[in-house]
Amino acid sequence: MNQDELFKKLIAHSKEYGYIFPSSEIYDGLSAVYDYGQYGSELKNNIKRYWWEAMVRLNENIVGIDAAIFMHPRTWEASGHVGAFNDPLIDNKDSKKRYRADVLLEEHIAKLEEKVEKEVEKGRRKFGETFDEAQFRATNPNVQRNVAKADEVRRRMVDALTGNDLEAVRQLILDCEIVCPISGTRNWTEVRQFNLMFETKIGSVSDESSTIYLRPETAQGIFVNFLNVQKTGRMKIPFGIAQVGKAFRNEIVARQFIFRMREFEQMEMQFFVRPGEEMKWYEYWKAARIKWHRALGMGDENYRYHDHDKLAHYANAACDIEFNFPFGFKELEGIHSRTDFDLGNHQKFSGRKLQYFDPETNESYVPYVVETSVGVDRLVLSVLANSYCEEKVQKDGEEGGERVVLRIPAPIAPVKLAVLPLVKKDGLPEKAREVLSELRCDFNCQYDEKDSIGKRYRRQDAIGTPFCITVDHQSLEDNTVTIRYRDSMEQERVAINAVRGIMDEKVSLRSLLNKL
Ligand code: ATP
């Protein structure tokens, strides 16, 4: 199965099994907005809990808050979002489709780079063992031409975007002879800046002054509460404030399922440090965050750092943690050293002092900030994509054929265990319900007695339940049950009164948190 097929199947599976639905589907959906179903919301909650406990519980100097989505409009002037939270957009007049101009150019560069790699592959095949790749790259005229072209387009693009020269961006699209993938024409409009913030009105009077925004990031709710938390929590620098919440961006090109949504959820932590110490903490959080991701056990090789080529004006260091999604390595989390830009600007715009008196140095200063910012929805996508698996079943005691299984890490799986009477008679359902009532206060459990045991195992595999507890005739005699393991399909017989302990060890978040 190629990655494209995998991605399509994953989207269909997520819908069929109650993970993710298109928003307001009965009205044909709303572009780039999704609803989480009964299992999706459990998975999302478990991921959020894992993050929250890793941040707030394991770090004595990090506390969590829950700020409002609506904020005073001046917040977004201070943060730079009113003036500069823009994407350059361009329309094709024939297809009436809208594109991000920078994305069109980046895709063009990627195509040139692909041509280079194809040429190198051709060389490798032609010359076999004697192939010297470095020499080939340095001398082959086709490679050289395309590398030079890609470099030139990249240079012009960065210059035009940095200088906010939209006419130059358009000219570059024309010079590269980029066509609309739908109409195939080069009939492009001007390039315009498009602000990504959603606006709405507050109160009963609708005029200019009542315009407010849906927050495009959660971070600002933390900055404006910096002093409230520092004072009431008697926090000493360095310390952090964490928050999980919704954010809204009117993305121009919203594709790739829940990777790029218009309403999404972020988990952000702002770490306030002494000026001059930010690089130490930046490196610390880079390492801590990738460790958190890798503790999920989805393959260390599926995560990598990507340093930003072009830093935002307020940052002095920034990188992404990328995940190997079905459509390639893409940003999962951002780690940014934001200097004193945010607190400094809020101080200017609000007229309130946002400083910290450092008892160790006897100085007051505006703290520097190192931020970690990860999207919950992108994490959900990474977990689902990594878990989805189709396989042949040849196990004794299981029906043969194919099964679709979601190998979700047990501590974040939506349903932890299913209690299943082998048959729906002979007192087995009653016994199974007794077992269930022992377990359901501790774990999210399901009870299922309909259809053959094989079919029931398949249903649990498809939603990613890591354990099935099967109650059979022997259970009535000796108070034992079998635990069936989702991934190996092995079965193990254990005493009923041992089940809770065994399960707790396997599904508790503790097993993840202990790795950090
Ligand atoms: P991208 O370059 O992919 O647009 P970004 O650099 O604008 O992302 P940040 O502003 O750094 O993203 O936001 C932090 C995190 O929030 C991202 O790493 C991502 O996980 C998540 N995120 C951002 N935009 C979206 C979106 N439209 N849909 C889902 N998650 C998002």
Long-range amide H contacts for residue 247: which residues qualify at under 5 Å (H placed 1.01 Å from N, peptide plane, sequence gap of 5 or more or a different chain)?
264, 265, 266
Longer than 19 Å from Cα to Cα, which of 48/236; 392/424; 48/246; 9/455; 9/416; 48/416 are they? Say none if no pair is.
48/236; 392/424; 9/455; 9/416
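Tell me the mean residue ellipticity at 222 nm calculated for the chain from its helices only (DSSP H runs of n ≥ 4, each -39500 (n - 2.57), averaged over every residue, nearest 500). If you can, show how the numbers build up before the last one.
Working: 18 runs with 200 residues, N = 516.
When only DSSP H runs of four or more count, the value is -12000 deg cm²/dmol.
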Simple spin-label estimate for residue 312/residue 125, 7 Å along Cα→Cβ, in nm, reads 4.5 nm
Charge dipole (region 401-513, unit charges on Cβ, about Cα centre) - positive-most of 405, 469, 428
405
Under 5 Å between amide H atoms, partner at least 5 residues away or on a different chain: which partners does residue 212 have, H built in plane at 1.01 Å?
200, 201, 202
Apply the Karplus curve 6.51 cos²θ - 1.76 cosθ + 1.60, θ = phi - 60°, to the phi angles in region 5-22 and return the couplings in whole Hz, x for Gly and Pro.
5, 4, 5, 4, 5, 4, 5, 5, 5, 4, 7, 5, 10, x, 8, 9, 10, x
Apply the a/c threshold of 1.5 to the C-alpha gyration tensor of region 401-513 and tell me whether it is rounded, prolate or oblate.
oblate
May I ask you to list the GluC sites (Glu not before Pro) in region 368-447 that are in a DSSP loop and have at most 13 other Cβ atoms within 10 Å of their Cβ?
399
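Using DSSP to define loop residues, name the GluC sites (Glu not before Pro) in region 261-318 whose beta-carbon has at most 15 other beta-carbon atoms within 10 Å. Let's see the in-between values first.
Values: sites: 263, 265, 268, 277, 278, 283, 301; in loops: 277.
Loop-located and lightly packed - 277.
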Calculate how steeply helix 166-175 sits against the longest principal axis of the alpha-carbon atoms of the chain, using the helix alpha-carbon long axis, and give the answer as 0 to 90 degrees to the nearest 10.
80 degrees
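Taking N as the number of residues in region 86-195, what is its alpha-carbon radius of gyration divided by 2.2 N^0.38 Å? Write out the running numbers ahead of the final one.
Numbers: Rg = 17.0 Å, N = 110, 2.2 N^0.38 = 13.1 Å.
Relative to the 2.2 N^0.38 Å estimate, region 86-195 comes out at 1.29.
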What ranking do 227, 379 get, fewest neighbouring Cβ atoms within 10 angstrom at the top?
227, 379
When the dipole is taken about the Cα centre of the chain, and only Lys, Arg (+1) and Asp, Glu (-1) are charged at their Cβ, what size is it in debye, to the nearest 20?
300 debye
Please list, in order along region 431-441, the HN-Hα scalar couplings obtained from phi with the Karplus expression 6.51 cos²θ - 1.76 cosθ + 1.60 (θ = phi - 60°), rounded to whole Hz, x for Gly and Pro.
5, 5, 5, 4, 4, 4, 5, 6, 10, 6, 6
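Which of the trypsin sites (Lys or Arg not before Pro) found in region 191-257 are loop residues per DSSP with 13 or fewer other Cβ atoms within 10 Å of their Cβ?
Counting only loop positions with at most 13 other Cβ atoms within 10 Å, the trypsin sites (Lys or Arg not before Pro) in region 191-257 are 234, 236, 255.
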What is the ratio of the Cα radius of gyration of the chain to 2.2 N^0.38 Å, where N is its residue count, to two decimals?
1.14
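Here, each number is a calculation from the coordinates, and none is a lab measurement. Since we're looking at a predicted model, the values are computed, not measured. All Cβ positions, even for glycine, are placed from backbone atoms using ideal geometry, and neighbour counts span all protein chains on display.
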